[in-house]
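Values quoted throughout were computed directly from the atomic coordinates according to the rules given, and no laboratory measurement underlies them. All values reported here derive from a predicted model rather than from experimental measurement. Note that each Cβ is placed from the backbone with ideal geometry, even for glycine, and that neighbours are counted across all protein chains shown.
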Amino acid sequence: QVQLVESGGGLVQAGGSLRLSCAASGRTSSRYNMGWFRQAPGKEREFVAVITWINIMRYADSVKGRFTISRDNAKNTMYLQMNSLKPEDTAVYYCACTADLEKLVRGNADYWGQGTQVTVSS
């Protein structure tokens with residue numbers, strides 16, 4: 001089992017920045033692919049970004065150029081640097097991991113965190 005804990009969410013004005021962290025513990029592996037998803041009120045959970053175990057990144061079009069995903073395997077931690085935030089980025093952000101990349105991108109990860117709230121005011 002892998003436990004994931006997100007942190008770093010909060011309230012920020014439009015145009016501001018936040019950095020989310022996802023700390024992994026338990027049976028972690030540097031070969032896990034990891035990703036960020038988000039769910040806004042009344043909407044389905046959506047893919048935000050993924051980073052493979054060999055550090056290839058992929059982003060949703062809605063965040064490309066504004067968000068940066070990274071990982072520090074020595075610390076078992078993944079990050080999401082969010083810049084130029086918009087009100088439509090308001091959501092609960094979840095981290096996830098799995099060995100199967102395509103499964104992760106489809107939102108069918110093996111492990112999920114509890115989520116951290118990000119609220120962007122206009």
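Observations, loosely collected:
- Relative contact order computed over the chain (Cα-Cα under 8 Å; 6+ residues apart), in percent: 36 percent
- Principal semi-axes of the equivalent ellipsoid, √(5λ) from the alpha carbon gyration tensor of the chain, are 23, 14, 13 Å from largest down.
- Helical content of the chain, expressed as a calculated mean residue ellipticity at 222 nm, amounts to -1000 deg cm²/dmol (DSSP H runs of 4 or more residues, -39,500 (n - 2.57) each, divided by residue number, nearest 500).
- For segment 89-98, backbone phi angles converted through the Karplus equation (6.51, -1.76, 1.60; θ = phi - 60°) give residue-by-residue couplings of 7, 4, 4, 8, 9, 10, 9, 8, 8, 6 Hz, Gly and Pro being listed as x.
- Charge dipole (debye, nearest 20) of the chain; +1 at Cβ of Lys and Arg, -1 at Cβ of Asp and Glu: 180 debye
- Nearest-20 debye value, segment 48-113 charge dipole, Cβ charges on Lys, Arg, Asp, Glu: 140 debye
- Peptide packing: for 39-47, 4-12, the average count of neighbouring Cβ atoms within 10 Å per residue gives the ranking 4-12, 39-47, highest mean first.
- Additional length obtainable on full extension of the chain from VAL5 to GLN81, 0.36 nm per residue less Cα span: 25.7 nm
- Think of the chain as a dipole: +1 on every Lys or Arg Cβ, -1 on every Asp or Glu Cβ, centred on the Cα centre; then among SER7, ALA91, THR119, SER7 lies furthest on the positive end.
- Integer Hz, Karplus 6.51/-1.76/1.60 couplings in order for segment 15-31, x for Gly and Pro: x, x, 10, 9, 10, 8, 10, 9, 9, 9, 9, x, 8, 6, 8, 5, 8
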